[in-house]
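Note sheet for the following structure.
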Amino acid sequence: MVTRPMSDLELANAAASGDESAFAAIVRENADAVYGHALRFFGDRTSAEDATQEVFIKVFRTISSFDGRARLSTWLYRVTHNVCLDMVRAGRRTPQPVDPLTFDPLPAADFADDVVFASALGQAMGTLAPEERDALGAVTLFGLSYQEAAEALGVPTGTVKSRVFRARRALAALLLEPEGGASDGLHAGV
Amino acid sequence: MDCMQACEIISAAHDGEPVDAGLLAQARAHADACADCALFLRVLDRIASAPDPEAPPELVARIGEITGQMSRDARHADAPREAPAPSSLRTRRPFDWVPRIAILASAAAVLLVVVSAGGLALLSRMGQTAQEAAVTESAEDEALRAAPPAGVTEEADSPVAGAAAPPDYVSLDESVWMIEGAADTPTSTLVSAGLVRTSLGEGLTRSRNAFYPGDDRSALYVLGDGGYLVFRRVTRTLGGVEYGLVTETPLEAFGMWPSLPGRFAAPVTADGSPAFEPAGRDDRGAEVFVPLGGDTADGFAVAPDTAPGDPAAGNPGWTWWEPLP
């Protein structure tokens, strides 16, 4: 017998009706994205863990309100975004901004090293404007389209497009020094 | 086409966004001949191939435990019974019935001011995002803040099924403490006891500062969002000597029972075998057990189903007690 994967709505309905395995599947499938976004938002693991836990407890309590109009990942992104902001508003957590001036581009060897590069990327994320980090996380971690991210953030699609691009442009300038030193064009003013 | 246009088009295409094929071809042709754009594309590819952050497995497990317990409690709450609601489901939080208290010492007050200032500055920096967030409160988000789903009770005194619910416990290192209530302004000097990782029944498990009131080690003040809660060490006496309850599993949320240390095999019979043997009774008359050949002076175990009023009453598992210093 061939079983097809459950749709988002079926999974959410199953979880809402008390199917623990369905909710566990939602956590399993999305924990990395939620944690990754919170980690990039706050810049420290403890805050990211607290945010992730709060997101899924909130999702658990409200899963019955998911109506399937948006994808589950869009809904989860929105909850994550709001939980992070709520934690800051409540004074419970403060994101750790990173000064881009303290950031040195990676040597070529480190650029190729997964572990070193991932660590540097995490740090470099801290230099981005929060709205750029938000848009980039929505697209790259939650897999949202620009339109889905725009709807979740309440901004035009073009704004998401430009924020994602600006974020990448800033990261490129930070992570890899142009051959022959600083250049103009893309890297100017970053 | 300039660098900005070329890279923005390539960036969008990289994300799977629909891009005009002609424009994309022009952008690629530009990038092929431009060192700056080539560098951008190199980083774009490198970011895409870099591993994304992964949630720690223990975090995922903890979320599963907490929501699993909430799910089971919610199911129990559907069946009317006589016992009180599990504390893990209480949305009437301990602080709700307690006037807020301002008790921090001056150093703590200064720290609070500094932290608040930092938060405000950051919110200011995030102004645009925060504003957007206010706009993006969707119907779904409204639902998130609205009534709880079916099966989750709001009131602490809702009927619920099953055995007695655990008291509201926290653990400090391995010692177990039971809630006594909210604290009035402490009159004695608070001495740091370290960090207690607990949800305090507020949903979010995190590390919280805990204090002893002066030299008294029988009480623990835990600082929550609304002020201090006082916890009392769970103890029993044997031969006039006081023993404290310990737990292997950290009690990170209300609604959890202390567990027997993992070094002991779980008893399979009422006489405690294979891990324990009977060793008499404590001062309340509860039977105590020691490891084979052991001595109560080193600690003892107590079987489940102790009498009402016993400090282990209701715990469905064996408990372990160690002499207090």
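The values are calculated or read from the model by the stated rules, or taken from the named source; none is laboratory data. Since the model is a prediction, treat every value here as computed from it, not as a measurement. Neighbour counts run over all protein chains shown; Cβ positions are idealised from the backbone, glycine included. Side chains included, ligands, DNA and RNA excluded: accessible areas come from the protein's heavy atoms. Shrake-Rupley method; radii C 1.70, N 1.55, O 1.52, S 1.80 Å.
Worth pointing out:
- Charge dipole (debye, nearest 20) of region A:1-96; +1 at Cβ of Lys and Arg, -1 at Cβ of Asp and Glu: 300
- Surface/4 estimate of mean projected area, convex hull on alpha-carbon atoms of region B:169-233, nm²: 3.9
- Tilt relative to chain A, helix A:157-175 - C-alpha long axis, 0 to 90 degrees, to 10: 50
- Distance from region B:8-41 to region A:73-120 (C-alpha centre basis), Å: 26
- Here the relative contact order of region A:1-95, from alpha carbon pairs under 8 Å that lie six or more residues apart, stands at 32 percent.
- When only alpha carbons are used to place a centre, region B:254-325 and region A:46-67 end up 37 Å from one another.
- Exposure check, 1.4 Å probe, all protein chains in place: residue A:81 carries approximately 10 Å² of accessible surface.
- Between helix A:45-62 and chain A: long-axis angle, C-alpha atoms, 0 to 90°, nearest 10: 30
- Here the spin labels are modelled as points 7 Å beyond Cα on the Cα-Cβ line, and at residue B:266 and residue A:20 they lie 1.3 nm apart.
- Rule-of-thumb Rg ratio for region B:226-325 [Cα; 2.2 N^0.38 Å; N residues]: 1.07
- Approximate spin-label separation residue A:147-residue B:273, in nm, with each point projected 7 Å along Cα-to-Cβ: 7.2
- Other residues whose C-beta falls under 15 angstrom from the C-beta of residue B:303 contribute a net charge of -3, scoring Lys and Arg +1 and Asp and Glu -1.
- Coil-residue chymotrypsin sites (Phe, Trp or Tyr not before Pro) of region A:72-109, DSSP, other Cβ within 10 Å capped at 16: A:103
- Note on A:106-114: average number of Cβ atoms from other chains within 10 Å of each residue's Cβ is 1.
- Surface/4 estimate of mean projected area, convex hull on alpha-carbon atoms of region B:3-49, nm²: 2.9
- Computed on region A:66-165, the Cα convex hull volume stands at 126 Å³ per residue.
- Accessible heavy-atom area order of A:6, B:256, B:70, highest first, probe of 1.4 Å: A:6, B:256, B:70
- Note on chain A: the alpha carbon radius of gyration divided by the globular reference 2.2 N^0.38 Å gives 1.14.
- Residue B:23-residue A:118 FRET efficiency (beta carbon distance; Förster radius 35 Å; 0.05 resolution): 0.60
- Residue B:235 versus residue B:48: modelled label distance in nm, points set 7 Å from Cα along the beta carbon direction: 6.5
- Helix A:114-125 and the long axis of chain A differ in direction by around 90°, with both axes built from C-alpha atoms.
- Cα point-scatterer Debye curve for region A:1-96, base-10 log of I(q)/I(0) at q = 0.24 Å⁻¹: -1.19
- Shielding of A:127-137 by partner chains, average beta-carbon count, 10 Å: 3
- If you take all other residues with their beta carbon under 15 Å from the beta carbon of residue B:322, and give Lys and Arg +1 and Asp and Glu -1, the sum is -3.
- Average beta carbon contacts from partner chains per residue of A:37-48, 10 Å cutoff: 2
- Computing FRET efficiency as 1/(1 + (r/R0)^6) for residue B:283 and residue B:322, where r is the C-beta to C-beta distance and R0 is 25 Å, gives about 0.95.
- Solvent-accessible surface of protein heavy atoms, probed at 1.4 angstrom with all chains present, puts B:179, A:57 in the order B:179, A:57, largest first.
- Equivalent ellipsoid semi-axes, region A:126-174, via Cα gyration tensor eigenvalues times 5, rooted, Å: 18, 10, 9
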